[in-house]
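Asks: Handing you this structure, nothing more for now.
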Amino acid sequence: MFEFSFVCDALDGWFTWKFNQVSTIGVVLDMVKDRISTACLLVILSQVYSTFLVGKASHKDVNDSTNWLFKAHYGNKMFMGYCCVACEALYITLFLLQRTRRKI
């Protein structure tokens, strides 16, 4: 999945420069997105690694000692779906806001 994100980021950069759709907010958001996705990857990998260290079968094993947000995400499919859809809606909204912004 991370590789797919990397390819999409490369294509996004190529199309941005090719069609001259560069903006200051776009450059900043791209850098922020890169840092956030790398940080998220590290958090996920550390969670999976710690799962194996304590002897659990899966990092999705939810029990009483698990963080409440982690429990809500993996224990409730509706909440998990909402999080995924809300994240995509945020990305689309940010993209549309950037596209409709007037050039000064």
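Asks: If I go through segment 29-76 residue by residue, how many of them are among the small types (Gly, Ala, Ser), at pLDDT below 75 and either within 20 Å of the chain's Cα centre (by Cα) or under 30 Å from residue 97 (Cβ atoms) (or both)?
Replies: Result for segment 29-76: 0.
Asks: Checking residue 20 against (1) modelled with pLDDT of 80 or more; (2) surrounded by 10 or more Cβ atoms within 10 Å (Cβ to Cβ): exactly one of these is not met. Which one?
Replies: Only one criterion in (1) modelled with pLDDT of 80 or more; (2) surrounded by 10 or more Cβ atoms within 10 Å (Cβ to Cβ) is unmet by residue 20, namely (2).
Asks: Those residues that are touching a Gly at 6+ places or on another chain (Cβ under 8 Å) and either of a type in the set (D, E, K, R) or assigned to a helix (DSSP H, G or I) (or both), I need them from segment 40-99; list them, please.
Replies: Once the filter is applied, which keeps residues that are touching a Gly at 6+ places or on another chain (Cβ under 8 Å) and either of a type in the set (D, E, K, R) or assigned to a helix (DSSP H, G or I) (or both), segment 40-99 yields only 98.
The values are calculated or read from the model by the stated rules, or taken from the named source; none is laboratory data. Values in this document were obtained by computation on a predicted structure and should not be read as measured data. Positions of Cβ are backbone-derived with ideal geometry, glycine not excepted, and every protein chain shown enters the neighbour counts.
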